[in-house]
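First the structure, in the form of structure tokens, and then the observations on it.
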Amino acid sequence: MTRRLRWEGPPARWIEGTPIGNGRLGAMILAGTDGLHLQVNDGTVWSGAPDAWRAELDALVRAGADPAALEEVRRAVREDRLADADRMLRAFEGTYSQEFLPYVDLRARFSAAGAALAFEGRTLDLEDAVYTDRIANDLVSVTRRVWASRPDDALQVELAADGGRFDVSLELTTRLRRRSLRVEPGVLELGVELPLDGAPLHETDVAPFRWAGDPARPGHPADGVVDGWENVAAAVTAVTTDGQQTVVGDRLEITGATTVRLALASSTAAEDWFRDRSSVPGLDRHLDRATARARVAVARGAEDALARHVADVRPLLTAASLRLAGTPEVVVVDRLTADDDQAAIAPALFQYGRYLLVSASRPGGPAVNLQGLWNDDLRPPWSSNYTTNINVPMHYWAAETTGLGETVEPLVHLVEVMAETGAIAAEALYGARGWVGHHNTDLWGWPLPVGRGHGDPAWAVWMTGGTWLTTHLMEHYRFTLDSSWLRDRAWPILHGAAAFALDWLLDEGGPWLVTNPSTSPENHFVHGDGVAAIDRATAIDRALIAQVLDDLVEAAAVLGREEDDVVDRARRAVPRIEPDAVGADGRIREWHVDRDDPNPAHGHFSALVGLYPLGRIDADRDPALAAAAAAFASGRAHPAEGWPWTWSIALRARLRDGAGAEAILRSTFLPPDGDPELRGAERWAWGGLVPTFLRAHPPFQVDVSLGLPAALAELLLQSHAGELVLLPALPPSWGAGSVRGLRARGGITVDLTWDGGALTSATLTRTAGSGDVVVRLDEGRIRVPLDAGEEVTLDADAFLRLAG
């Protein structure tokens with residue numbers, strides 16, 4: 001497996017830095033010969049405050065957004081007055097969700113006697129989650145190690161000299177509002193104020209921020225919410241084994257040192273609110289808590305602190321691995337070219353994606369947002385929020401299949417928050433039971449459509465975003481078979497999502513229940529002389545609702561709750577939801593009826609959600625649908641984009657098309673031929689990997705990197721159709737290799753080896769449940785008894801022996 005990534009040169013800009021994180025605190029490491037810069041994020045540092053959305057909802061209802069207005073929209077759709085439906089539906093749009101913000105910057109500037117310091121390379125250990133680099137001259141060599149410790153709740157830095165001494169100047173700053181700064185030997189303590197409101201880039205007529213004390217914005221009712229949520233604090237503590245610490249202005253100067261230990265910690269009210277709805281009031285309290293955390297973290301010896309960190313993170317990072325013939329343990333990223341073999345790049349991307357997920361999502365912290373845990377932009381693209389129509393689901397695709405099930409906990413927590421807020425919105429706006437989630441949400445569980453009344457419903461209004469996120473819950477159960485978790489955590493959310501879905505389905509007199517209004521995220525169809533986005537019963541709506549209703553029925557059977565009224569309604573509704581259909585063009589039909597597509601290469605594969613990730617379309621069971629899905633995917637694939645690239649590979653895997661998946665995978669090996677900071681239409685002109693090994697969208701989003709390990713895993717193992725399929729879509733160039741620690745539904749861990757493109761061994765270990773497992777290799781199937789704790793190893797001949 002790939003154990004380390006190495007860069008020979010320093011980063012030239014932010015996106016070329018090295019990301020680290022402990023699930024809440026993260027940093028992009030920007031290191032050179034003269035300094036070490038940690039651009040720090042805290043996953044709970046967002047604009048806004050809890051319950052601000054309530055004023056937005058009240059204002060919408062007062063302006064007429066209510067169940068009666070919804071019925072007028074539905075009537076317009078039924079009568080094909082789609083321009084009227086568009087206009088009326090915009091009355092349901094609130095303003096916008098809040099923004100994930102950059103937090104603080106820790107800069108350590110270096111100097112030493114002798115010649116100028118030279119940079120000797122940087123390394124990221126993908127097993128231990130430790131960053132290391134070295135700078136040196138003729139008199140001294142300084143090794144710098146950085147890690148994000150979850151046990152100590154702090155970013156840790158060790159600076160150690162060999163053969164001499166060095167000087168370092170420390171500075172802690174913020175691009176938000178500085179409330180206070182205390183610098184004294186051993187500590188830098190920074191109080192920060194967050195904005196009460198942050199407007200996204202596309203709202204060009206709104207000032208970027210509103211701060212406490214600013215006048216309220218006309219037509220923005222949430223501006224009145226002020227409750228101390230804007231106060232946060234960060235602290236850095238420093239200890240040295242020798243050398244002198246002195247304060248010079250806003251800097252802490254350390255001279256003549258051979259070793260320096262730093263710890264950076266944070267305290268926010270949102271951290272507590274997100275965990276248990278409590279809060280720590282007052283800036284002083286946050287300053288005290290941040291400093292106390294940093295002191296405790298730095299008081300440990302470096303080796304003890306590092307050992308605690310490694311013991312926490314290594315079991316996750318080593319739980320699964322991929323190796324192809326010739327896979328190096330160390331991949332030198334800035335030497336890679338388009339001609340490099342996949343043996344170097346595919347396993348590295350597999351492990352790096354898992355590393356990023358562990359870094360960005362751990363129990364007790366927030367869910368992964370659009371940029372993971374790494375954002376240096378005061379106005380990040382799309383507010384770096386939670387976008388439900390693909391990005392948040394893709395963030396967690398690899399969690400179950402690659403042995404990182406615990407990283408799903410923050411997603412479950414986010415959906416719990418959404419269920420609370422979304423229940424109020426569902427009743428007020430739509431007269432529906434249960435809870436609704438739309439296209440966007442934020443740390444506070446924003447439950448409304450966005451767009452300020454002028455947003456295109458194609459992206460601003462979508463009522464099944466919460467439904468998609470809910471499907472992750474039953475998937476978590478299928479992999480773990482944890483019925484207690486299903487009962488205590490998943491059932492209330494699932495029950496509420498199904499209740500809303502049932503109320504959202506309408507009987508309009510035809511054979512099928514429909515959703516109305518219905519959109520297919522971010523896409524349009526030709527209508528009259530223009531385009532429209534509002535239809536009835538789009539493919540993605542039908543698939544997601546049918547899935548969540550099926551999930552409820554399955555959960556009820558596990559928990560013995562079949563007599564529940566919502567379960568009964570779900571059982572009766574599913575047969576009346578139209579399944580996926582083939583359109584006149586031979587592709588999966590995206591809309592309620594055949595529509596002309598003004599942009600056939602549009603990036604979203606929304607109509608194929610039933611193929612992947614839901615598994616409702618199966619290549620063996622539904623060959624005609626699978627062929628239509630393949631035709632749809634071929635028309636939509638766009639190698640220059642970010643997350644569509646990952647989704648394309650996963651779709652090809654489910655279609656058993658290893659060659660097609662490999663061709664798409666190879667497209668990313670081309671370096672980007674433009675600026676990764678581009679925004680606007682021109683950003684689609686190129687794609688590829690930036691030197692930090694992140695995928696360029698552009699601008700940067702983390703979804704493509706997090707989702708890729710899941711797509712690669714699907715090439716090697718599938719379990720969505722009630723059987724374990726071994727090597728279902730092995731890419732042609734992956735002739736020999738092994739994968740360890742893949743997870744299958746039913747509580748099974750799978751290790752595979754292959755050579756010459758053929759299976760040599762498969763080891764199945766049962767971690768939960770018991771009973772027979774149906775295992776498939778090519779067209780051969782065998783039934784293997786396997787109880788909890790048992791292990792069995794098969795080879796290709798076993799299929800002949802047992803099948804005979």
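What the phi angles of segment 781-789 give under the Karplus curve with 6.51, -1.76 and 1.60, with θ = phi - 60°, is a coupling list of 10, 9, 10, 10, x, 8, 9, 4, x Hz, glycine and proline written as x. Just for the chain, what percent of DSSP beta bridges are antiparallel, to the closest 5? In the chain, approximately 95 percent of DSSP beta bridges are antiparallel ones. The separation of segment 476-505 from segment 231-253, counted between C-alpha centres, amounts to 49 Å. Under 5 Å between amide hydrogens, built in the peptide plane, is the criterion, and for Glu522 it picks out Trp459 among residues at least 5 positions away or on other chains. Counting only GluC sites (Glu not before Pro) that DSSP places in a loop and that have at most 16 other Cβ atoms within 10 Å, the longest clean stretch of the chain runs over 80-328. Applying the criteria of a DSSP loop state and at most 11 other Cβ atoms within 10 Å to the trypsin sites (Lys or Arg not before Pro) of segment 256-315 yields Arg277.
Report note on the peptides 278-284, 728-734: ranked by the mean count of other C-beta atoms within 10 Å, highest first, their order is 728-734, 278-284. Close amide H contacts of Leu724 (hydrogens built in the peptide plane, cut-off under 5 Å, sequence separation of 5 or more or a different chain): Val774, Val775, Arg776.
A dipole drawn for segment 724-803 from +1 and -1 charges on Cβ atoms has a positive end, and of Leu727, Leu786, Ala744 the residue lying farthest that way is Ala744. Karplus-based coupling profile of segment 595-605, in residue order and whole Hz: 10, 7, 9, x, 9, x, 8, 3, x, 6, 9, with θ = phi - 60° in 6.51 cos²θ - 1.76 cosθ + 1.60 and x standing for Gly or Pro.
Each residue in Val358, Val310, Val774 was given a count of other beta-carbon atoms within 10 angstrom of its own, and listing them fewest first yields Val774, Val310, Val358. Within segment 590-641, which trypsin sites (Lys or Arg not before Pro) sit in a loop by DSSP and count at most 10 neighbouring Cβ atoms inside 10 Å? Listed in order of number, the matching sites are Arg621.
Shape of segment 193-329 from the C-alpha gyration tensor: oblate (a/c of 1.5 or more and a/b not above b/c, with a ≥ b ≥ c the square roots of its eigenvalues).
In the chain, the DSSP-assigned H stretches of four residues or longer account for a calculated mean residue ellipticity at 222 nm of -9500 deg cm²/dmol, using -39500 (n - 2.57) per stretch and the full residue count as denominator. Remark: the Cα gyration tensor places the chain in the oblate category, a/c being 1.5 or greater and a/b not exceeding b/c. If you restrict to DSSP beta bridges whose two residues both lie in segment 724-803, what percentage is antiparallel, to the nearest 5? Beta bridges within segment 724-803, antiparallel portion: roughly 90 percent. Contact order, relative form, for the chain: 12 percent (alpha carbon pairs under 8 Å, 6 or more residues apart, mean separation divided by residue count). For segment 130-146, the Karplus equation 6.51 cos²θ - 1.76 cosθ + 1.60, evaluated at θ = phi - 60°, returns couplings of 10, 9, 9, 9, 9, 10, 7, 9, 6, 10, 8, 10, 10, 9, 10, 10, 9 Hz by residue, with Gly and Pro reported as x. Ranked by how many other Cβ atoms sit within 10 Å of their own Cβ, fewest first, the residues Ile664, Ile649 fall in the order Ile664, Ile649. Here is the tail figure for segment 724-803: Cα pairs spaced more than 17 Å apart come to 42 percent of all pairs.
Just so you know, all these numbers are worked out from the coordinates, no wet-lab data involved. Note that the structure is a prediction, hence the values are computed from the model and not measured. Cβ: placed from backbone, ideal geometry, glycine included. Neighbour counts: every protein chain shown.
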